[in-house]
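Read the structure below first, then the notes.
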Amino acid sequence: MIVVGVDGSAAARAAVEWAADDALRMRVPLRIVHAVDRSPYQIGKFPTADWPDALLRQGHRVLADAAAVARDRQPEIDVTTRLLEGPPALVLREQADDATGPADEVVIGTRGHGGFTGALLGSVSAHVAGQARSPVVVVRAEPHPVRGRIVVGVDDSPECEPALAYAFRQASLRGSELRALHAWQLPVHAFAPEIAYDMDEVSQAQYRVVRDRVEAMEKEYPQVTVVEDVQSAHPVDALGAASEEADLVVVGSHGRGTLGSVLLGSVSRGVLHHAHCAVAVVRGR
């Protein structure tokens, strides 16, 4: 199942279109969710008692419009809607991790009216990407031409493995080229004149990081064309630049527990801020 959060914005529409396409590719149902948060209207200074009911009516309209977009986009998929009360970030995370198990992915727009999308990396996207067990795809509102390429950040951490698996699956489903990008920088102490470094040896070690990670996945997805890209650069800069010619950038995350949104990591958070295309943040299950 794919879960997508909507709030009636242009970004939410882009998220629904993305989610509908992936639902067809994965052959899974699509659940469209809208959250109504009554808490701001339960304060005494708000005298208008009709606001909560108006929010519910608006929520039903938002869901109906989003369902129409999804069915028009991909008539073959199974589409359901849910109107739920509560803080949007919490509602979406709970829907992604319900009793049936983690969703195949969660999709959120990058900007909106304050419901699900918020700022590019606002509290909702940070919270969901940091804590949901499912891959979280953050979709930009602006139109983006199809490039036929997926970029995945590769390093030697355990968080890289689920991100790499997700990226290979996406590339296989889409028939896209996969660019496995590893960006590295020498530690600060490497520039001390009294410490000698063999740069050829360092470079070869960085290439082995990519080769060792990619090799196992290539056996499972032999149909995917892989380009290995090793750069001496900051990972956020390298992935951000690569995103200009990609349909999707995939990064791992070590977010966990109640501090998940804080523990997204500087790379995943930086890529969410600076990427020119959709970004998938993938945690280990």
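The values are calculated or read from the model by the stated rules, or taken from the named source; none is laboratory data. Fair warning: this is a prediction, and the values are worked out from it, not measured in the lab. Cβ coordinates were reconstructed from backbone atoms using ideal geometry, including for glycine residues, and neighbour counts include every protein chain displayed. The area values use the complete protein model at the heavy-atom level, side chains included, leaving out ligands, DNA and RNA. Shrake-Rupley method; radii C 1.70, N 1.55, O 1.52, S 1.80 Å.
Hey, can you tell me all the residues within region 1-39 that are in contact with a Ser or Thr (Cβ under 9 Å, 6 or more places away or on another chain) and hydroxyl-bearing (Ser, Thr, Tyr)?
The answer is Ser9, and nothing else.
Among the residues of region 141-183, what is the count of those that are open to solvent by 50 Å² or more (accessible area, probe 1.4 Å), assigned to a helix (DSSP H, G or I) and at pLDDT below 95?
Number of matching residues: 1.
What is the residue count in region 236-266 for residues that are crowded, with 20+ Cβ neighbours inside 10 Å, modelled with pLDDT of 90 or more and not small (Gly, Ala, Ser)?
7
When region 207-220 is examined, which residues are found to be open to solvent by 40 Å² or more (accessible area, probe 1.4 Å) and within 13 Å of Ala165 (Cα to Cα)? Quick ask: steps written out before the conclusion?
First, pick out the residues of region 207-220 that are open to solvent by 40 Å² or more (accessible area, probe 1.4 Å): 207-208, 211-213, 215-216, 218-220.
Residues satisfying the conditions are Arg213, Glu215, Ala216, Glu218, Lys219, Glu220.
Can you list residue pairs whose Cβ atoms sit under 6 Å apart, with the first residue in region 168-181 being over 15 Å from Gly153 (Cα atoms) and the second being open to solvent by 50 Å² or more (accessible area, probe 1.4 Å) and not in a strand (DSSP E or B)? Count only pairs 6 or more apart in sequence or on different chains.
Cβ pairs passing all conditions: Leu173/Arg25.
Of all residues in region 272-285, which are closer than 20 Å to Val146 by Cβ and not in a loop (DSSP other than H, G, I, E, B)?
Ala278, Val279, Ala280
Restricting attention to region 62-75, which residues are open to solvent by less than 40 Å² (accessible area, probe 1.4 Å) and either touching a Cys at 6+ places or on another chain (Cβ under 8 Å) or aliphatic (A, V, I, L, M) (or both)? It would help to see each step written out before you state the result.
Residues of region 62-75 that are open to solvent by less than 40 Å² (accessible area, probe 1.4 Å), as a first pass: 62-63, 66-67, 69-70, 74.
Of everything in region 62-75, those that are open to solvent by less than 40 Å² (accessible area, probe 1.4 Å) and either touching a Cys at 6+ places or on another chain (Cβ under 8 Å) or aliphatic (A, V, I, L, M) (or both) turn out to be Val62, Leu63, Ala66, Ala67, Val69, Ala70.
Condition test on Ala89, is it touching a strand residue (DSSP E or B) at 6+ places or on another chain (Cβ under 9 Å), of a type outside the set (Ser, Thr, Tyr) and under 20 Å from Ala20 (Cα atoms)?
no
Could you check how many residues of region 76-113 are open to solvent by 20 Å² or more (accessible area, probe 1.4 Å), among the charged types (D, E, K, R) and modelled with pLDDT of 90 or more?
4
Looking only at region 1-39, how many residues end up being hydrophobic (A, V, I, L, M, F, W, C) and assigned to a helix (DSSP H, G or I)? So that I can check it myself, show each step before the final result.
Our first condition is that a residue be hydrophobic (A, V, I, L, M, F, W, C); within region 1-39, this holds for 1-4, 6, 10-12, 14-16, 18-20, 23-24, 26, 28, 30, 32-33, 35-36.
Applying the additional criterion that residues be assigned to a helix (DSSP H, G or I) yields 10-12, 14-16, 18-20, 23-24, 26.
Of the residues in region 1-39, 12 are hydrophobic (A, V, I, L, M, F, W, C) and assigned to a helix (DSSP H, G or I).
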